[in-house]
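Chemist: Below you will find the structure I want to go over with you.
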Amino acid sequence: MTAENRKAETLDVAIIGAGHNGLACAAYLAGAGLRVGVYERREVIGGAAVTEEFHPGFRNSAASYTVSLLNPKVVRDLRLEAHGLKVVERPFSNFLPSDDGRYLCMGGGPEATRREVGRFSPRDAEQLADYGFRLERVADAVRELMLATPPNAGGGVSALLDGWRASKPFRSLDGQARQDLLDLFSLSAAEWLERWFESEPLKACFAFDSVVGHFASPYSPGTAYVLLHHVLGEVNGKKGAWGHAIGGMGAISQAMAAEARARGVAIHTGVAVTRIREKAGRAAGLVLADGREVAARCVVANANPRLVAALSDGPAWPQAFQHYQCESATFRMNVALTELPDFRCLPGKSPAPHHGSGIILAPSMAYMDRAWSTAREEGWSREPIVEVLIPSTLDDSLAPPGQHVASLFCQHFRYALPNGRDWRHERERAADAVIDLVTRHAPNFRSSVLARRILSPKDLEDEFGLVGGDIFHGKLTLNQLFSARPALGHGNYRMPLPGLYLCGSGAHPGGGVTGVPGHNAAREVLRDRFRLNRWPRH
(Lines give C-alpha, C1' and ligand atoms only; values in the text may rest on other atoms or scores of the structure.)
Protein backbone atom coordinates (compact mmCIF):
# COMPACT_ATOMS: atom_id res chain seq x y z
CA MET A 1 0.00 0.00 0.00
CA THR A 2 1.36 3.42 -0.96
CA ALA A 3 1.91 6.25 1.47
CA GLU A 4 -0.85 8.17 -0.30
CA ASN A 5 -3.34 5.34 0.39
CA ARG A 6 -2.34 5.33 4.04
CA LYS A 7 -3.35 8.95 4.51
CA ALA A 8 -6.38 9.37 6.72
CA GLU A 9 -9.64 9.47 4.79
CA THR A 10 -12.37 11.85 5.89
CA LEU A 11 -15.96 10.73 5.46
CA ASP A 12 -19.39 11.67 6.69
CA VAL A 13 -20.17 8.02 7.47
CA ALA A 14 -17.91 4.98 7.83
CA ILE A 15 -19.77 1.65 7.70
CA ILE A 16 -18.38 -1.55 9.19
CA GLY A 17 -19.31 -4.58 7.07
CA ALA A 18 -20.51 -4.99 3.49
CA GLY A 19 -23.32 -7.39 4.26
CA HIS A 20 -26.63 -6.61 2.60
CA ASN A 21 -27.81 -4.31 5.43
CA GLY A 22 -24.55 -2.35 5.39
CA LEU A 23 -24.85 -1.92 1.62
CA ALA A 24 -28.48 -0.82 1.90
CA CYS A 25 -27.64 1.69 4.63
CA ALA A 26 -24.73 3.04 2.58
CA ALA A 27 -26.91 3.50 -0.51
CA TYR A 28 -29.60 5.40 1.42
CA LEU A 29 -27.05 7.69 3.08
CA ALA A 30 -25.15 8.39 -0.13
CA GLY A 31 -28.46 9.12 -1.82
CA ALA A 32 -28.95 11.89 0.73
CA GLY A 33 -25.65 13.46 -0.35
CA LEU A 34 -23.31 12.07 2.31
CA ARG A 35 -19.77 10.80 1.71
CA VAL A 36 -19.86 7.11 2.65
CA GLY A 37 -17.22 4.40 2.84
CA VAL A 38 -17.87 0.71 3.57
CA TYR A 39 -15.15 -1.55 5.02
CA GLU A 40 -15.41 -5.32 4.72
CA ARG A 41 -13.17 -7.96 6.30
CA ARG A 42 -13.78 -10.57 3.59
CA GLU A 43 -12.56 -10.28 0.00
CA VAL A 44 -16.15 -10.45 -1.25
CA ILE A 45 -19.17 -8.33 -0.45
CA GLY A 46 -22.53 -9.58 0.78
CA GLY A 47 -21.81 -11.03 4.20
CA ALA A 48 -23.99 -14.12 4.56
CA ALA A 49 -25.97 -13.20 1.40
CA VAL A 50 -23.33 -14.32 -1.08
CA THR A 51 -23.11 -16.81 -3.96
CA GLU A 52 -19.89 -18.84 -4.22
CA GLU A 53 -18.55 -21.73 -6.28
CA PHE A 54 -17.90 -24.67 -3.95
CA HIS A 55 -17.05 -27.31 -6.59
CA PRO A 56 -15.98 -26.79 -10.22
CA GLY A 57 -19.10 -25.75 -12.14
CA PHE A 58 -21.34 -25.71 -9.05
CA ARG A 59 -22.38 -22.42 -7.41
CA ASN A 60 -24.85 -21.79 -4.64
CA SER A 61 -25.87 -19.36 -1.93
CA ALA A 62 -23.21 -19.95 0.70
CA ALA A 63 -25.10 -19.20 3.92
CA SER A 64 -28.48 -17.43 3.60
CA TYR A 65 -30.34 -19.37 0.96
CA THR A 66 -33.90 -18.25 0.20
CA VAL A 67 -35.92 -15.07 -0.42
CA SER A 68 -39.11 -13.75 1.15
CA LEU A 69 -38.35 -11.16 3.81
CA LEU A 70 -36.56 -8.74 1.44
CA ASN A 71 -38.65 -5.62 1.90
CA PRO A 72 -40.44 -4.33 -1.23
CA LYS A 73 -39.72 -0.70 -0.28
CA VAL A 74 -35.99 -1.46 -0.22
CA VAL A 75 -36.29 -3.22 -3.59
CA ARG A 76 -37.97 -0.14 -5.08
CA ASP A 77 -35.86 2.53 -3.40
CA LEU A 78 -32.56 0.91 -4.35
CA ARG A 79 -33.66 -0.05 -7.88
CA LEU A 80 -32.59 -3.65 -7.32
CA GLU A 81 -34.52 -5.00 -10.30
CA ALA A 82 -32.88 -2.42 -12.58
CA HIS A 83 -29.55 -3.79 -11.35
CA GLY A 84 -30.51 -7.30 -12.45
CA LEU A 85 -32.28 -8.79 -9.42
CA LYS A 86 -34.92 -11.33 -10.42
CA VAL A 87 -36.77 -13.45 -7.87
CA VAL A 88 -38.90 -16.44 -8.90
CA GLU A 89 -41.49 -18.08 -6.66
CA ARG A 90 -41.27 -21.71 -5.61
CA PRO A 91 -43.82 -23.97 -7.37
CA PHE A 92 -44.98 -25.22 -3.97
CA SER A 93 -44.12 -23.57 -0.68
CA ASN A 94 -43.33 -26.86 1.09
CA PHE A 95 -43.10 -30.59 0.53
CA LEU A 96 -43.12 -32.75 3.66
CA PRO A 97 -42.57 -36.52 3.40
CA SER A 98 -44.15 -38.52 6.23
CA ASP A 99 -42.72 -41.63 7.86
CA ASP A 100 -45.78 -43.65 6.81
CA GLY A 101 -45.07 -43.21 3.09
CA ARG A 102 -47.46 -40.34 2.52
CA TYR A 103 -46.53 -36.72 1.83
CA LEU A 104 -47.98 -33.22 2.10
CA CYS A 105 -47.48 -30.56 -0.59
CA MET A 106 -48.40 -27.03 0.47
CA GLY A 107 -49.02 -24.56 -2.36
CA GLY A 108 -50.42 -24.39 -5.86
CA GLY A 109 -53.23 -22.10 -4.76
CA PRO A 110 -55.78 -22.18 -1.90
CA GLU A 111 -58.01 -24.85 -3.43
CA ALA A 112 -55.11 -27.18 -4.25
CA THR A 113 -53.74 -26.78 -0.72
CA ARG A 114 -57.18 -27.41 0.79
CA ARG A 115 -57.56 -30.66 -1.19
CA GLU A 116 -54.06 -31.76 -0.19
CA VAL A 117 -54.65 -31.10 3.51
CA GLY A 118 -58.03 -32.80 3.24
CA ARG A 119 -56.27 -36.10 2.51
CA PHE A 120 -55.05 -35.99 6.11
CA SER A 121 -57.93 -34.20 7.81
CA PRO A 122 -61.14 -32.77 6.29
CA ARG A 123 -61.52 -30.68 9.45
CA ASP A 124 -58.07 -29.13 8.98
CA ALA A 125 -58.86 -28.37 5.35
CA GLU A 126 -61.90 -26.37 6.46
CA GLN A 127 -59.82 -24.52 9.06
CA LEU A 128 -57.15 -23.32 6.62
CA ALA A 129 -58.96 -20.24 5.31
CA ASP A 130 -59.77 -18.86 8.77
CA TYR A 131 -56.25 -19.67 10.01
CA GLY A 132 -54.74 -17.82 7.08
CA PHE A 133 -57.02 -14.83 7.57
CA ARG A 134 -56.29 -14.53 11.30
CA LEU A 135 -52.53 -14.97 10.86
CA GLU A 136 -52.34 -12.58 7.91
CA ARG A 137 -54.27 -9.87 9.76
CA VAL A 138 -51.63 -9.84 12.50
CA ALA A 139 -48.82 -10.15 9.94
CA ASP A 140 -50.06 -7.06 8.10
CA ALA A 141 -49.83 -4.99 11.28
CA VAL A 142 -46.35 -6.32 12.09
CA ARG A 143 -45.17 -5.64 8.52
CA GLU A 144 -45.90 -1.95 9.06
CA LEU A 145 -44.04 -2.10 12.35
CA MET A 146 -40.90 -3.38 10.63
CA LEU A 147 -40.22 0.00 9.04
CA ALA A 148 -40.80 1.90 12.30
CA THR A 149 -38.17 3.09 14.76
CA PRO A 150 -38.85 1.39 18.11
CA PRO A 151 -39.56 3.81 20.96
CA ASN A 152 -36.43 4.00 23.08
CA ALA A 153 -36.82 3.22 26.77
CA GLY A 154 -36.18 6.41 28.73
CA GLY A 155 -35.99 8.44 25.54
CA GLY A 156 -38.32 11.28 26.58
CA VAL A 157 -40.62 13.10 24.18
CA SER A 158 -38.88 11.73 21.08
CA ALA A 159 -39.48 8.17 22.26
CA LEU A 160 -43.13 8.95 23.00
CA LEU A 161 -43.57 10.16 19.43
CA ASP A 162 -41.85 7.05 18.07
CA GLY A 163 -44.15 4.92 20.24
CA TRP A 164 -47.25 6.72 18.98
CA ARG A 165 -46.16 6.24 15.36
CA ALA A 166 -45.33 2.58 15.96
CA SER A 167 -48.72 1.89 17.53
CA LYS A 168 -50.67 3.07 14.48
CA PRO A 169 -50.99 -0.34 12.76
CA PHE A 170 -52.43 -1.87 15.93
CA ARG A 171 -54.98 0.78 16.81
CA SER A 172 -57.33 -0.42 14.08
CA LEU A 173 -57.24 -4.11 15.12
CA ASP A 174 -60.40 -5.51 16.68
CA GLY A 175 -60.43 -7.45 19.94
CA GLN A 176 -59.90 -10.86 18.35
CA ALA A 177 -56.93 -9.64 16.31
CA ARG A 178 -55.36 -8.05 19.39
CA GLN A 179 -55.72 -11.32 21.28
CA ASP A 180 -54.12 -13.17 18.35
CA LEU A 181 -51.27 -10.65 18.38
CA LEU A 182 -50.69 -11.23 22.10
CA ASP A 183 -50.81 -14.99 21.65
CA LEU A 184 -48.40 -14.99 18.73
CA PHE A 185 -45.88 -12.97 20.71
CA SER A 186 -46.05 -15.15 23.82
CA LEU A 187 -47.25 -18.71 23.15
CA SER A 188 -45.35 -21.69 21.86
CA ALA A 189 -45.91 -22.60 18.23
CA ALA A 190 -47.40 -25.91 19.39
CA GLU A 191 -49.99 -24.17 21.60
CA TRP A 192 -50.96 -21.87 18.73
CA LEU A 193 -51.15 -24.61 16.08
CA GLU A 194 -52.98 -27.16 18.24
CA ARG A 195 -55.82 -24.67 18.64
CA TRP A 196 -56.34 -24.95 14.89
CA PHE A 197 -55.27 -28.31 13.52
CA GLU A 198 -55.20 -32.04 14.30
CA SER A 199 -53.04 -33.62 11.57
CA GLU A 200 -49.37 -33.99 12.43
CA PRO A 201 -47.95 -33.32 8.93
CA LEU A 202 -49.78 -30.00 8.66
CA LYS A 203 -48.72 -28.88 12.14
CA ALA A 204 -45.14 -29.93 11.35
CA CYS A 205 -45.18 -27.96 8.10
CA PHE A 206 -46.15 -24.77 9.92
CA ALA A 207 -44.06 -25.51 13.04
CA PHE A 208 -40.85 -25.75 11.01
CA ASP A 209 -40.90 -21.96 10.67
CA SER A 210 -40.96 -21.66 14.47
CA VAL A 211 -37.59 -23.38 14.94
CA VAL A 212 -35.69 -22.45 11.80
CA GLY A 213 -32.69 -20.41 12.92
CA HIS A 214 -33.98 -20.68 16.49
CA PHE A 215 -32.64 -23.15 19.05
CA ALA A 216 -35.88 -24.20 20.68
CA SER A 217 -38.59 -26.83 20.66
CA PRO A 218 -41.90 -25.90 19.00
CA TYR A 219 -43.26 -26.42 22.53
CA SER A 220 -41.06 -23.60 23.90
CA PRO A 221 -42.82 -20.33 24.79
CA GLY A 222 -42.12 -17.59 22.26
CA THR A 223 -41.76 -19.84 19.22
CA ALA A 224 -45.15 -18.69 17.90
CA TYR A 225 -43.51 -15.32 17.22
CA VAL A 226 -40.68 -16.97 15.27
CA LEU A 227 -43.38 -18.69 13.17
CA LEU A 228 -44.98 -15.27 12.58
CA HIS A 229 -41.61 -13.69 11.71
CA HIS A 230 -41.17 -16.16 8.86
CA VAL A 231 -44.52 -15.31 7.21
CA LEU A 232 -43.94 -11.54 7.14
CA GLY A 233 -42.34 -11.50 3.70
CA GLU A 234 -43.53 -11.61 0.12
CA VAL A 235 -42.30 -12.52 -3.36
CA ASN A 236 -43.28 -10.34 -6.31
CA GLY A 237 -46.22 -8.91 -4.40
CA LYS A 238 -47.52 -12.27 -3.10
CA LYS A 239 -47.61 -12.14 0.69
CA GLY A 240 -46.12 -15.04 2.63
CA ALA A 241 -44.50 -16.58 -0.46
CA TRP A 242 -40.91 -17.80 -0.70
CA GLY A 243 -38.67 -17.69 -3.73
CA HIS A 244 -35.23 -17.91 -5.26
CA ALA A 245 -33.00 -15.08 -6.47
CA ILE A 246 -31.64 -16.00 -9.89
CA GLY A 247 -27.90 -16.29 -9.42
CA GLY A 248 -28.32 -17.04 -5.71
CA MET A 249 -28.52 -14.74 -2.70
CA GLY A 250 -25.39 -12.94 -3.85
CA ALA A 251 -27.53 -11.37 -6.58
CA ILE A 252 -29.25 -9.31 -3.88
CA SER A 253 -25.98 -8.03 -2.44
CA GLN A 254 -24.53 -7.35 -5.88
CA ALA A 255 -27.59 -5.31 -6.88
CA MET A 256 -27.36 -3.30 -3.66
CA ALA A 257 -23.65 -2.71 -4.19
CA ALA A 258 -24.30 -1.54 -7.76
CA GLU A 259 -26.78 1.07 -6.55
CA ALA A 260 -24.50 2.11 -3.68
CA ARG A 261 -21.58 2.65 -6.07
CA ALA A 262 -23.83 4.54 -8.48
CA ARG A 263 -24.59 6.92 -5.61
CA GLY A 264 -20.89 7.41 -4.85
CA VAL A 265 -20.22 4.86 -2.08
CA ALA A 266 -16.64 3.55 -1.84
CA ILE A 267 -16.64 -0.15 -0.93
CA HIS A 268 -13.36 -1.57 0.42
CA THR A 269 -12.90 -5.35 0.75
CA GLY A 270 -10.21 -7.44 2.40
CA VAL A 271 -9.76 -4.89 5.20
CA ALA A 272 -10.83 -5.69 8.74
CA VAL A 273 -11.82 -3.06 11.27
CA THR A 274 -9.86 -3.46 14.50
CA ARG A 275 -11.23 -0.54 16.50
CA ILE A 276 -13.74 2.28 16.42
CA ARG A 277 -11.93 5.62 16.75
CA GLU A 278 -13.24 7.91 19.46
CA LYS A 279 -12.82 11.63 19.86
CA ALA A 280 -14.38 13.91 22.47
CA GLY A 281 -16.53 11.04 23.74
CA ARG A 282 -18.05 10.01 20.41
CA ALA A 283 -17.37 7.73 17.45
CA ALA A 284 -15.06 9.51 15.02
CA GLY A 285 -13.96 6.85 12.53
CA LEU A 286 -12.22 3.50 12.21
CA VAL A 287 -8.84 1.91 12.71
CA LEU A 288 -8.18 -0.74 10.05
CA ALA A 289 -6.02 -3.84 10.14
CA ASP A 290 -3.95 -2.55 7.20
CA GLY A 291 -2.76 0.43 9.24
CA ARG A 292 -5.12 3.11 7.95
CA GLU A 293 -7.23 5.33 10.12
CA VAL A 294 -10.49 6.54 8.66
CA ALA A 295 -11.92 9.78 10.05
CA ALA A 296 -15.70 10.09 9.93
CA ARG A 297 -18.43 12.18 11.49
CA CYS A 298 -20.26 9.01 12.52
CA VAL A 299 -19.88 5.22 12.32
CA VAL A 300 -22.53 2.64 11.39
CA ALA A 301 -21.91 -1.02 12.23
CA ASN A 302 -23.38 -3.91 10.26
CA ALA A 303 -22.24 -6.54 12.74
CA ASN A 304 -23.44 -8.53 15.72
CA PRO A 305 -23.96 -6.24 18.74
CA ARG A 306 -21.36 -8.18 20.74
CA LEU A 307 -18.73 -7.51 18.06
CA VAL A 308 -19.67 -3.85 17.92
CA ALA A 309 -19.23 -3.50 21.69
CA ALA A 310 -15.83 -5.21 21.47
CA LEU A 311 -14.63 -2.71 18.85
CA SER A 312 -15.33 0.23 21.13
CA ASP A 313 -12.72 0.98 23.80
CA GLY A 314 -14.78 3.68 25.50
CA PRO A 315 -16.69 3.41 28.79
CA ALA A 316 -18.21 0.06 29.68
CA TRP A 317 -21.38 -0.71 27.77
CA PRO A 318 -24.58 -1.76 29.53
CA GLN A 319 -24.53 -5.30 30.91
CA ALA A 320 -27.32 -6.26 28.51
CA PHE A 321 -24.78 -6.36 25.68
CA GLN A 322 -22.73 -8.95 27.57
CA HIS A 323 -25.84 -11.08 28.08
CA TYR A 324 -27.12 -10.69 24.52
CA GLN A 325 -28.08 -14.22 23.44
CA CYS A 326 -26.71 -15.62 20.19
CA GLU A 327 -27.48 -19.21 19.29
CA SER A 328 -29.47 -20.45 16.32
CA ALA A 329 -27.89 -23.95 16.44
CA THR A 330 -27.68 -23.94 12.65
CA PHE A 331 -25.64 -26.32 10.51
CA ARG A 332 -25.41 -25.40 6.82
CA MET A 333 -24.28 -27.53 3.91
CA ASN A 334 -24.21 -27.18 0.11
CA VAL A 335 -23.99 -30.31 -2.01
CA ALA A 336 -23.30 -30.91 -5.71
CA LEU A 337 -25.58 -33.64 -7.12
CA THR A 338 -25.40 -35.86 -10.20
CA GLU A 339 -29.20 -36.26 -10.15
CA LEU A 340 -32.32 -35.18 -8.28
CA PRO A 341 -33.47 -37.00 -5.13
CA ASP A 342 -35.83 -39.90 -5.81
CA PHE A 343 -38.21 -39.81 -2.86
CA ARG A 344 -39.81 -43.03 -1.61
CA CYS A 345 -43.15 -41.30 -1.12
CA LEU A 346 -43.15 -39.53 -4.51
CA PRO A 347 -40.79 -41.40 -6.88
CA GLY A 348 -39.06 -39.83 -9.83
CA LYS A 349 -35.74 -38.22 -10.73
CA SER A 350 -37.11 -35.94 -13.45
CA PRO A 351 -37.70 -32.35 -12.29
CA ALA A 352 -41.11 -32.03 -10.65
CA PRO A 353 -42.77 -29.27 -8.60
CA HIS A 354 -41.86 -30.88 -5.28
CA HIS A 355 -38.15 -30.72 -6.22
CA GLY A 356 -38.44 -26.91 -6.40
CA SER A 357 -40.15 -26.59 -3.02
CA GLY A 358 -38.88 -26.29 0.50
CA ILE A 359 -38.46 -29.99 1.38
CA ILE A 360 -38.99 -30.36 5.14
CA LEU A 361 -37.59 -33.50 6.74
CA ALA A 362 -39.25 -33.34 10.15
CA PRO A 363 -42.54 -35.23 10.15
CA SER A 364 -44.04 -34.03 13.44
CA MET A 365 -43.68 -31.53 16.25
CA ALA A 366 -42.72 -34.41 18.54
CA TYR A 367 -39.80 -35.19 16.18
CA MET A 368 -38.73 -31.52 16.35
CA ASP A 369 -38.94 -31.59 20.13
CA ARG A 370 -36.70 -34.67 20.28
CA ALA A 371 -34.19 -33.05 17.92
CA TRP A 372 -33.99 -30.06 20.28
CA SER A 373 -33.78 -32.06 23.51
CA THR A 374 -31.06 -34.41 22.25
CA ALA A 375 -29.05 -31.47 20.90
CA ARG A 376 -29.37 -29.69 24.23
CA GLU A 377 -27.81 -32.68 25.98
CA GLU A 378 -25.46 -34.12 23.35
CA GLY A 379 -24.46 -31.06 21.30
CA TRP A 380 -26.15 -32.01 18.06
CA SER A 381 -29.08 -34.15 17.06
CA ARG A 382 -28.42 -37.42 15.27
CA GLU A 383 -31.93 -37.07 13.82
CA PRO A 384 -31.91 -33.37 12.97
CA ILE A 385 -34.48 -31.10 11.38
CA VAL A 386 -33.46 -30.55 7.75
CA GLU A 387 -34.84 -28.37 4.98
CA VAL A 388 -33.61 -29.25 1.49
CA LEU A 389 -33.79 -26.68 -1.29
CA ILE A 390 -32.68 -27.50 -4.85
CA PRO A 391 -32.41 -24.05 -6.46
CA SER A 392 -30.95 -25.42 -9.69
CA THR A 393 -34.46 -26.65 -10.55
CA LEU A 394 -35.41 -22.96 -10.86
CA ASP A 395 -32.02 -21.53 -11.94
CA ASP A 396 -29.89 -23.34 -14.50
CA SER A 397 -26.95 -20.96 -13.92
CA LEU A 398 -25.95 -22.79 -10.72
CA ALA A 399 -24.93 -26.24 -12.01
CA PRO A 400 -23.88 -28.02 -15.23
CA PRO A 401 -26.71 -29.33 -17.45
CA GLY A 402 -28.48 -32.34 -15.94
CA GLN A 403 -26.83 -31.84 -12.54
CA HIS A 404 -27.93 -29.90 -9.48
CA VAL A 405 -27.00 -28.08 -6.29
CA ALA A 406 -28.88 -28.44 -3.04
CA SER A 407 -28.92 -26.31 0.10
CA LEU A 408 -29.28 -28.27 3.33
CA PHE A 409 -30.37 -26.05 6.20
CA CYS A 410 -30.21 -28.04 9.42
CA GLN A 411 -31.31 -27.68 13.06
CA HIS A 412 -30.23 -28.39 15.90
CA PHE A 413 -26.43 -28.22 16.13
CA ARG A 414 -25.06 -26.26 19.07
CA TYR A 415 -22.15 -23.88 18.86
CA ALA A 416 -20.66 -25.01 22.19
CA LEU A 417 -20.28 -28.79 22.31
CA PRO A 418 -20.20 -30.62 25.67
CA ASN A 419 -17.28 -32.53 27.19
CA GLY A 420 -14.57 -30.55 25.42
CA ARG A 421 -15.61 -31.69 21.94
CA ASP A 422 -14.64 -29.47 19.01
CA TRP A 423 -16.41 -28.80 15.73
CA ARG A 424 -13.16 -29.46 13.86
CA HIS A 425 -13.57 -33.11 14.84
CA GLU A 426 -17.37 -33.27 14.65
CA ARG A 427 -18.27 -31.51 11.41
CA GLU A 428 -17.81 -34.51 9.08
CA ARG A 429 -19.76 -36.83 11.39
CA ALA A 430 -22.56 -34.28 11.62
CA ALA A 431 -22.60 -33.88 7.84
CA ASP A 432 -22.84 -37.66 7.46
CA ALA A 433 -25.84 -37.72 9.80
CA VAL A 434 -27.58 -35.11 7.65
CA ILE A 435 -26.82 -37.05 4.44
CA ASP A 436 -28.10 -40.24 6.12
CA LEU A 437 -31.38 -38.53 7.04
CA VAL A 438 -32.00 -37.30 3.49
CA THR A 439 -31.07 -40.72 2.10
CA ARG A 440 -33.65 -42.34 4.38
CA HIS A 441 -36.32 -40.44 2.44
CA ALA A 442 -34.59 -40.49 -0.98
CA PRO A 443 -32.45 -43.68 -1.29
CA ASN A 444 -30.36 -42.37 -4.20
CA PHE A 445 -29.25 -39.24 -2.39
CA ARG A 446 -25.95 -40.35 -0.85
CA SER A 447 -24.69 -41.88 -4.10
CA SER A 448 -25.62 -38.72 -6.02
CA VAL A 449 -23.43 -36.41 -3.90
CA LEU A 450 -20.36 -35.27 -5.86
CA ALA A 451 -19.09 -32.76 -3.33
CA ARG A 452 -20.18 -30.96 -0.20
CA ARG A 453 -19.30 -27.76 1.56
CA ILE A 454 -19.91 -27.87 5.30
CA LEU A 455 -20.52 -24.88 7.58
CA SER A 456 -20.79 -25.80 11.25
CA PRO A 457 -21.88 -23.12 13.75
CA LYS A 458 -18.19 -22.38 14.37
CA ASP A 459 -17.56 -22.07 10.62
CA LEU A 460 -20.47 -19.62 10.33
CA GLU A 461 -18.86 -17.51 13.03
CA ASP A 462 -15.34 -17.66 11.59
CA GLU A 463 -16.28 -17.04 7.95
CA PHE A 464 -19.22 -14.66 8.22
CA GLY A 465 -18.86 -13.07 11.67
CA LEU A 466 -22.07 -14.71 12.92
CA VAL A 467 -21.33 -14.76 16.64
CA GLY A 468 -22.22 -18.14 18.11
CA GLY A 469 -23.16 -19.22 14.59
CA ASP A 470 -26.37 -17.22 14.99
CA ILE A 471 -27.82 -16.50 11.54
CA PHE A 472 -30.07 -13.75 12.96
CA HIS A 473 -27.36 -11.80 14.90
CA GLY A 474 -29.22 -12.70 18.10
CA LYS A 475 -32.14 -14.85 19.21
CA LEU A 476 -35.66 -13.73 18.32
CA THR A 477 -36.93 -13.93 21.90
CA LEU A 478 -39.28 -11.44 23.53
CA ASN A 479 -36.45 -9.89 25.58
CA GLN A 480 -34.53 -9.22 22.33
CA LEU A 481 -37.26 -7.76 20.11
CA PHE A 482 -38.39 -4.26 19.14
CA SER A 483 -37.29 -1.72 21.81
CA ALA A 484 -35.19 -4.40 23.50
CA ARG A 485 -33.20 -5.28 20.38
CA PRO A 486 -30.33 -5.34 21.09
CA ALA A 487 -30.91 -3.77 24.54
CA LEU A 488 -33.39 -1.50 26.29
CA GLY A 489 -32.32 2.09 25.87
CA HIS A 490 -30.65 1.33 22.52
CA GLY A 491 -33.47 -0.05 20.40
CA ASN A 492 -33.52 3.00 18.12
CA TYR A 493 -30.31 2.05 16.24
CA ARG A 494 -28.14 4.35 18.42
CA MET A 495 -25.46 2.61 20.46
CA PRO A 496 -24.08 3.64 23.88
CA LEU A 497 -21.21 5.51 22.23
CA PRO A 498 -22.60 8.72 20.67
CA GLY A 499 -22.17 8.82 16.92
CA LEU A 500 -22.24 5.01 16.64
CA TYR A 501 -25.24 3.29 15.02
CA LEU A 502 -26.27 -0.33 14.46
CA CYS A 503 -27.68 -1.35 11.05
CA GLY A 504 -27.41 -5.15 11.15
CA SER A 505 -29.86 -7.90 12.05
CA GLY A 506 -29.07 -7.36 15.73
CA ALA A 507 -31.32 -4.28 15.45
CA HIS A 508 -35.08 -4.15 14.85
CA PRO A 509 -36.75 -5.98 13.12
CA GLY A 510 -34.21 -8.80 13.44
CA GLY A 511 -32.88 -11.51 11.20
CA GLY A 512 -33.38 -12.55 7.61
CA VAL A 513 -32.36 -10.91 4.35
CA THR A 514 -34.68 -7.91 4.66
CA GLY A 515 -32.63 -4.75 4.13
CA VAL A 516 -34.85 -3.16 6.78
CA PRO A 517 -32.30 -2.55 9.58
CA GLY A 518 -30.10 -0.83 6.98
CA HIS A 519 -33.04 1.28 5.77
CA ASN A 520 -34.15 2.24 9.28
CA ALA A 521 -30.66 2.98 10.63
CA ALA A 522 -29.97 5.28 7.67
CA ARG A 523 -33.14 7.20 8.47
CA GLU A 524 -31.99 7.72 12.07
CA VAL A 525 -28.52 8.86 10.97
CA LEU A 526 -30.15 11.43 8.72
CA ARG A 527 -32.47 12.58 11.50
CA ASP A 528 -29.49 13.18 13.77
CA ARG A 529 -27.65 15.00 11.03
CA PHE A 530 -30.25 17.75 11.17
CA ARG A 531 -30.68 17.86 14.95
CA LEU A 532 -28.79 20.55 16.82
CA ASN A 533 -25.43 19.42 18.22
CA ARG A 534 -25.83 15.83 17.06
CA TRP A 535 -23.05 15.90 14.47
CA PRO A 536 -19.66 17.50 14.98
CA ARG A 537 -18.08 19.81 12.47
CA HIS A 538 -15.07 18.54 10.53
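Chemist: Can you find even one residue in the range 361-369 that is within 22 Å of the chain's Cα centre (by Cα), outside any helix (DSSP H, G or I) and farther than 29 Å from GLU191 by Cβ?
Modeler: Among the residues of the range 361-369, not one is within 22 Å of the chain's Cα centre (by Cα), outside any helix (DSSP H, G or I) and farther than 29 Å from GLU191 by Cβ, which makes the answer no.
Chemist: Sticking with this structure for a sec: I need every pair where a residue in the range 21-50 that is under 12 Å from ALA303 (Cβ atoms) has its Cβ under 9 Å from the Cβ of a residue that is among the charged types (D, E, K, R) and part of a loop (DSSP other than H, G, I, E, B), sequence separation at least 6 or different chains.
Modeler: Matching pairs, first to second residue: GLY22/GLU40; GLY47/GLU40.
Chemist: Restricting to the range 241-293, and then to whatever is modelled with pLDDT under 95 and in contact with a helix residue (DSSP H, G or I) (Cβ under 7 Å, 6 or more places away or on another chain), can you tell me which residue is most open to solvent (accessible area, probe 1.4 Å)?
Modeler: Per the stated criteria, the residue is GLY291.
Chemist: ALA125 passes all but one of (1) in contact with an Asp or Glu (Cβ under 9 Å, 6 or more places away or on another chain); (2) outside any helix (DSSP H, G or I); which number fails?
Modeler: Checking ALA125 against (1) in contact with an Asp or Glu (Cβ under 9 Å, 6 or more places away or on another chain); (2) outside any helix (DSSP H, G or I), the one that fails is (2).
Chemist: Among the numbered criteria (1) under 28 Å from the mean Cα position of the chain (by Cα); (2) surrounded by 18 or more Cβ atoms within 10 Å (Cβ to Cβ), which single criterion is violated by PHE120?
Modeler: Every listed condition holds for PHE120 apart from (1).
Chemist: Considering only residues that are over 16 Å from the mean Cα position of the chain (by Cα), open to solvent by less than 10 Å² (accessible area, probe 1.4 Å) and at pLDDT 95 or above, which ones fall in the range 503-538?
Modeler: Passing the criteria: ASN520, ALA521, ALA522, GLU524, VAL525.
Chemist: Write out, first by first residue and then by second, each pair whose Cβ atoms fall under 9 Å of each other, whose residues are 6+ apart or on separate chains, and whose first residue, in the range 269-290, is under 14 Å from TYR501 (Cα atoms) while the second is open to solvent by 40 Å² or more (accessible area, probe 1.4 Å) and part of a loop (DSSP other than H, G, I, E, B).
Modeler: Final answer for the pair search is ILE276/ASP313; GLU278/ASP313; ARG282/PRO498; ARG282/PRO536; ALA283/PRO498; ALA284/PRO536; GLY285/ALA8.
Chemist: Given the criteria at pLDDT 90 or above, touching a strand residue (DSSP E or B) at 6+ places or on another chain (Cβ under 9 Å) and open to solvent by less than 50 Å² (accessible area, probe 1.4 Å), does SER188 qualify?
Modeler: Judged against the criteria, SER188 is not a match.
Chemist: Has the range 478-486 got any residue that is assigned to a loop (DSSP other than H, G, I, E, B), under 24 Å from ALA416 (Cα atoms), open to solvent by 20 Å² or more (accessible area, probe 1.4 Å) and among the basic types (Lys, Arg)?
Modeler: No, the range 478-486 contains no residue that is assigned to a loop (DSSP other than H, G, I, E, B), under 24 Å from ALA416 (Cα atoms), open to solvent by 20 Å² or more (accessible area, probe 1.4 Å) and among the basic types (Lys, Arg).
Chemist: Sticking with this one: Of all the residues that make up the range 328-353, how many are on the phi < 0 side of the Ramachandran plot and open to solvent by 10 Å² or more (accessible area, probe 1.4 Å)?
Modeler: Here the count works out to 12.
Chemist: Let me ask another. Please find, within the range 386-436, the residue that is farthest from ALA48 (Cα to Cα) out of those that are acidic (Asp, Glu) and within 22 Å of the chain's Cα centre (by Cα).
Modeler: The residue in question is ASP395.
The values are calculated or read from the model by the stated rules, or taken from the named source; none is laboratory data. Not measured: the values here are computed from a predicted model. Every residue, glycine as well, gets a Cβ built from its backbone with ideal geometry; the counts of neighbours run over all protein chains shown. We work out accessible area using only protein heavy atoms, side chains counted, and drop any ligands, DNA or RNA first. Shrake-Rupley method; radii C 1.70, N 1.55, O 1.52, S 1.80 Å.
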